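The values are calculated or read from the model by the stated rules, or taken from the named source; none is laboratory data. Because the structure is predicted, anything quoted here is derived from the model rather than measured. Positions of Cβ are backbone-derived with ideal geometry, glycine not excepted, and every protein chain shown enters the neighbour counts.
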């Protein structure tokens, strides 16, 4: 008798970004058929509250219909790094809102733009 896996098998969607851009639904169906159960998103649109062109709620429905979950996501904090604190906070709030709708446990800041990879830039991260 096989034991139920302790963890879900997940896929970082950025690794298949070209296929997602061409046909999001077919790509998600394909990864589900390949056995993936969880995804890590990227490319959140904070202004329109969208993932891959779908509202957060609609994208959640798509994931649910496919039996997929989204436990984490990459968010482009570097794009707001040198903006005012209020713009950065608004962006973070939008990301949290979108992540909550998808039921995510984690929000990931995947990288720091090269021009900020210095002592002053790293100090600013904690602001």
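Quick notes on this one:
- Residue within the stretch 87-102 that is over 16 Å from residue 45 (Cα atoms) and at pLDDT 90 or above present: no
- Complete set of residues in the stretch 91-127 that are in contact with a helix residue (DSSP H, G or I) (Cβ under 9 Å, 6 or more places away or on another chain), in a helix (DSSP H, G or I) and surrounded by 14 or more Cβ atoms within 10 Å (Cβ to Cβ): 91, 92, 95, 98, 99, 101, 102, 116, 121
- Residue in the stretch 42-57 that is assigned to a helix (DSSP H, G or I) and buried (at least 16 other Cβ atoms within 10 Å of the Cβ) present: yes
- For residue 88, the test of being on the phi < 0 side of the Ramachandran plot, assigned to a helix (DSSP H, G or I), in contact (Cβ under 8 Å) with a residue 24 or more places away in the chain and touching a helix residue (DSSP H, G or I) at 6+ places or on another chain (Cβ under 6 Å) is failed.
- Flag for residue 83 being free of Cβ contacts under 8 Å to residues at least 24 places away in the same chain and either out of contact with any helix residue (DSSP H, G or I) (no Cβ under 7 Å at 6 or more places or on another chain) or under 30 Å from residue 7 (Cβ atoms) (or both): yes
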